[in-house]
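The values are calculated or read from the model by the stated rules, or taken from the named source; none is laboratory data. The structure presented is a predicted model; accordingly, all values stated were derived computationally and were not measured. No Cβ is skipped: glycine too gets one built from the backbone with ideal geometry, and neighbour counts run over all protein chains shown.
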Amino acid sequence: MSDTIFGKIIRREIPATIVYEDDDILGFKDIAPQAPVHVLFIPKHDAIPTLDDARPEHAQLLGRLMLAAADYARREGLAQDGYRVVMNCREHAGQTVFHVHLHLLAGAPLGHFGA
Ligand code: AMP
């Protein structure tokens, strides 16, 4: 299990606003939201540090992260107006927590992004 702050959230050692959970994935509100809706989706049992560490055996889990975000967005009525999913990998992308996670951003028009 991950030793990052997300590992502590999975183990319920620190609080988080959990909005999605299934056998393999946890979704919770980002503590510093960058949009009206900002939810993080993380694997519960396989703390891959970065996307660069993912291997073919992680393909199903990574796909399920995407589908969990899409399911949540649909359930919350966010799908029609649209949303963004983002996965940051290491320093240049601003990754700060080294337990792979998918950001879901929604709830307002989102600015363009990039360098
Ligand atoms: P990244 O920059 O892609 O590594 O994203 C890490 C995200 O985790 C940031 O958006 C942080 O605001 C968020 N974060 C850090 N600590 C917590 C926490 N305890 N609960 C919820 N979100 C957190």
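General observations
- Odd one out for Glu57, checked against (1) crowded, with 16+ Cβ neighbours inside 10 Å; (2) over 25 Å from Ala108 (Cβ atoms): (1)
- The set of residues in segment 1-36 being more than 12 Å from the chain's Cα centre (by Cα), more than 9 Å from the ligand (Cβ to nearest atom), crowded, with 16+ Cβ neighbours inside 10 Å and of a type outside the set (Ser, Thr, Tyr) consists of Gly7, Ile10, Ala35.
- For segment 74-115, a residue qualifies if it is within 15 Å of the ligand (Cβ to nearest atom), surrounded by 13 or more Cβ atoms within 10 Å (Cβ to Cβ) and of a type in the set (Gly, Ala, Ser), and exactly one does: Ala106.
- Any hit, segment 46-62, residues being under 15 Å from Gly7 (Cβ atoms) and at pLDDT below 95: yes
- Any hit, segment 62-73, residues being hydroxyl-bearing (Ser, Thr, Tyr), more than 13 Å from the ligand (Cβ to nearest atom) and part of a strand (DSSP E or B): no
- Search result, residues across segment 37-61 that are in contact (Cβ under 8 Å) with a residue 12 or more places away in the chain, away from the ligand (no atom under 13 Å from the Cβ) and part of a helix (DSSP H, G or I): Asp52, Asp53, His58, Leu61
- Residue in segment 93-114 that is in contact with an Asp or Glu (Cβ under 8 Å, 6 or more places away or on another chain), closer than 17 Å to Asp3 by Cα and modelled with pLDDT of 95 or more present: yes
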